[in-house]
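The values are calculated or read from the model by the stated rules, or taken from the named source; none is laboratory data. Fair warning: this is a prediction, and the values are worked out from it, not measured in the lab. Glycine gets a Cβ as well: all are built from the backbone with ideal geometry, and neighbour counts include every protein chain shown.
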Amino acid sequence: MDWTDSLKPLMKARGLTNYELAELIGSSAGAVSEFVTGRRVPSRELTKKIAEALDVAVQDLVRHEAMIVYHANEVALLTKYRSLPKKKKLAVDELLKVL
């Protein structure tokens, strides 16, 4: 898996277009499009800016394995769920089944 495979899902999860990411990193939408498609590799400095704009570590952006991207509110919910006693977790699980 190429790091570009993680770029598009991260942008989508953050609701960012090529143009919006370009503005955040001081580049052009065309350049971002080339990064997303793998036709061009950003410099180290731009890679750092992309990671910062997407609120991930550079290592998470460039690692070669599948990633699941969570929003901050999802992380908070997961943290709360994991701290629940087993009985309450089961109640939450049952509630989620009916949704």
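Screening segment 1-12 for residues that are in a helix (DSSP H, G or I) and either over 29 Å from residue 73 (Cβ atoms) or not acidic (Asp, Glu) (or both) and picking the one that is modelled with the highest pLDDT gives 11.
Listed by position, the helices (runs of 4 or more DSSP H) enclosed by segment 13-93 that each have at least 1 residues that are more than 16 Å from residue 3 (Cα to Cα) are 18-25, 29-37, 72-83. Restricted to segment 14-30, and to residues that are crowded, with 17+ Cβ neighbours inside 10 Å and of a type outside the set (Ser, Thr, Tyr), which residue is nearest to residue 44 (Cα to Cα)? Residue satisfying both the conditions and the ranking: 25.
Considered as a group, the residues in segment 35-45 that are of a type outside the set (S, T, N, Q) and either surrounded by fewer than 16 Cβ atoms within 10 Å (Cβ to Cβ) or on the phi > 0 side of the Ramachandran plot (or both) include one that is modelled with the highest pLDDT, and that residue is 45.
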